[in-house]
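Heads up: the structure comes next, in structure tokens.
The values are calculated or read from the model by the stated rules, or taken from the named source; none is laboratory data. These numbers were taken from a predicted model, which means no experiment stands behind them. When we count neighbours, we look across all protein chains shown, and the Cβ atoms used for this are built from the backbone with ideal geometry, even at glycine.
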Amino acid sequence: MSSAQISLTKNTWTQVTTTDKSGSIRHQKGNTTIVYTEAATIPATLSEATPVMESTIKGQDFTYFKVPSTDFVWAHANSEDATITVSPVGA
């Protein structure tokens, strides 16, 4: 699987991984905080009860690994639309 840019709509959870269970994510565009979580299905909301695996601001990246086979990584752009680049291991 190759790297892909994904557009995020503010205040909306977006699934950003599929079969890839490790790789990296770079926050390319958008002056907002993006919050990431692992879950099997789309989270209902973003609240203090949401388990957060990472958060980024523009220019930051992070590595995800060992995502369970039944889970995906989801991203939530908090205050404005944003763009991330997802690069699975081996991309």
When residues of segment 34-45 are limited to those that are in a loop (DSSP other than H, G, I, E, B) and β-branched (Val, Ile, Thr), the one farthest from residue 86 (Cα to Cα) = 45
Matching residues, segment 1-17, being in a strand (DSSP E or B), small (Gly, Ala, Ser) and under 19 Å from residue 63 (Cβ atoms) = 4
Going through segment 22-61 in order, the residues found to be of a type in the set (Gly, Ala, Ser) and exposed (fewer than 13 other Cβ atoms within 10 Å of the Cβ) are 40, 44, 47, 49, 59
Somewhere in segment 12-34, is a residue out of contact with any His (no Cβ under 7 Å at 6 or more places or on another chain) and aromatic (Phe, Trp, Tyr)?
-> no
So which residues in segment 46-75 are in a loop (DSSP other than H, G, I, E, B) and within 19 Å of residue 7 (Cα to Cα), if there are any at all?
-> 46, 57, 58, 59, 60
Which is polar (S, T, N, Q) and either modelled with pLDDT of 95 or more or within 20 Å of residue 81 (Cβ to Cβ) (or both), of 19, 12?
-> 12
